[in-house]
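Here's the structure, in structure tokens; my notes come after.
Each reported figure results from applying straightforward, stated rules to the coordinates on display, with no laboratory input. Just so you know, these numbers come straight off a predicted model, no measurement behind them. Cβ placement follows ideal geometry from the backbone for every residue including glycine, while neighbour counts extend to all protein chains displayed.
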Ligand code: MSP
């Protein structure tokens, strides 16, 4: 029988637009879901929105809308955001749907039938943003212990759930199921919390109307957390579709932020015990994305919009950053610089270069044809990588799993340096085909292993290797040797053009010195291997491919005073596009026919939306700038030595 796998995200409050903190959870859950699908499992991945409660009622009335009209708009925006990020959920549940209302009401009936529901008087403190009740002793300086915000005194009639009854069974369960709450630090916190004793929980409100009325007493509205947590069983088909429910429940993983572990690891399992339903297998509380020292949050107003980042850097770069940057489980600070650095170093430099170098060498040395495999040097590491990715993802160590893939990429790049295939070619060494096959096969396996994390790169890698789309490739395709010899590679554009920072864009081309000073770039560049600092070896100089080119046409780059876009004839089939920072010194109309010297093997970079393939050389003083050119003119493409 096919294994099945159910994973959930928290259902988000549609009281405002979501930020990258929310995207963080959802992208991580998406990666885990995709991994299980890749293994051929029957996956049910659910996300959604938590639409009831006083806060939403208040917000809607402030803008003169009904609560439903208010949330409808935000929910549409949230669905769109998940599309932008390529989220592959199988269900999107809204707590305002009738399928859910029915379940919540039936849950209240069953709690009562079990003797776990009683009417009493509630006295305590309530935090509206967190939708949480607190007893006096739990407040910190009189404020909410979760968000630090003000709390309001409440004294009213309420139904209570006999949570206290479940402290012992819960402890026993947690102790006999070491994987139930993860990571282990959160498990320990929860054990401490329950050991202090659990008080019965107020589970209904009469102070607002926007919610699900209790069937036994419609003056009372279900407490939002009972309403919200129940979404997980509604989505799996509880009380509606027994077959589906027994297939997808219990959930394998509830992925949540650490601040709501308590709800998922105490209240939710207690409710499930009362309902005689099986408990979820894992509640995983990941850390927070911080902005500076603080948690990014809508109420603080310090949020980053994931859509803007996707527009600027692409969905793969944003997903990669979210999945890779912060060790999963821990907190980490978000910075845009770190996102750019990750993209430039890991994606553009390591992965992108491996692909372009490998396909270029196959084109040059074996006529574009993948050679026969022979003795392999990378197979061991590739197989180890497959094992690591599998093992780490099974333990929800998402960032470590991504890192494992990039270890293989790094190893393959190093292998190129060690083996110097161009020398094997020159000396007619038969090992050349083993080396090229190793590289291409490692790339193919990398593409398969990246499928849970990145959405466009695996396809692009497959295409350039001549394998068509990566869509049908399952995890089994990551086995070594799947790449057929004789395939014709199809070199294409760089899969991740380097991102230029504003500063670099200004320094672009012609001002190589300034560009080299930009700190982020230096980290990405390989360290010089010469003995003396500042001195390079002749080999290092020879890595520069300097060529004579002839400018065919020049035009201004929109919105950038200093930049010109050039079409340069380099004696290649197609002219090259080069962006150069010379607009203050040369009129574009005057440049056609001018010769230049181009750094032709510079990693392509996107500057103000234009991909530049090389950098022209120029000398600059405080007064002027002059393009460097051969004195008497040379054919386009001539190599400068
Ligand atoms: N509606 C409740 C959850 C009910 S689940 C039955 C809720 N919603 S929320 O909109 O506030 O989303 C909270 C979740 O968003 C967090 O648990 C976490 O998964 C994610 N994050 C929100 N801000 C975050 C960060 N700054 N960093 C990481 N994750 C964050 O709570």
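Here the residues 193, 475, 328, ranked from fewest to most Cβ neighbours within 10 Å of their Cβ, fall in the order 193, 475, 328. Maximal additional length on extending the residue 624-residue 209 stretch stands at 142.2 nm, based on 0.36 nm per residue less the C-alpha distance. One Cα centroid belongs to region 351-405, the other to region 25-88; the line between them spans 35 Å.
With just the Cα atoms defining each centre, how far is region 569-599 from region 197-235? Give it in Å. Each part reduced to its Cα centre gives a spacing of 68 Å. Calculated FRET efficiency, residue 172 to residue 493, Cβ-Cβ distance, R0 = 56 Å: about 0.45 to the nearest 0.05. Our summary gives the chain a relative contact order of 11 percent, counting only alpha carbon pairs under 8 angstrom and 6 or more residues apart. Return the FRET efficiency for the residue pair residue 572, residue 72: r is the Cβ-Cβ distance, R0 is 45 Å, and the value is rounded to the nearest 0.05. Given R0 = 45 Å and the Cβ-Cβ separation, E is 0.25.
If R0 is 51 Å, the Cβ-Cβ spacing of residue 540 and residue 139 corresponds to a FRET efficiency of close to 0.20. The residues 195, 631, 388, 357, when put in order of fewest to most other Cβ atoms within 10 Å, stand as 631, 195, 357, 388. Here the sum of -39500 (n - 2.57) over DSSP H runs of 4 or more residues, divided by the residues of the chain, equals -11500 deg cm²/dmol at 222 nm, to the nearest 500. Full extension of the chain between residue 246 and residue 155 yields a length gain of 28.7 nm, computed as 0.36 nm times the residue separation minus the alpha carbon distance.
Full extension of the chain between residue 293 and residue 305 yields a length gain of 2.5 nm, computed as 0.36 nm times the residue separation minus the alpha carbon distance. Ordering 12, 248 by the number of other Cβ atoms within 10 Å of each residue's own Cβ, fewest first, gives 12, 248.
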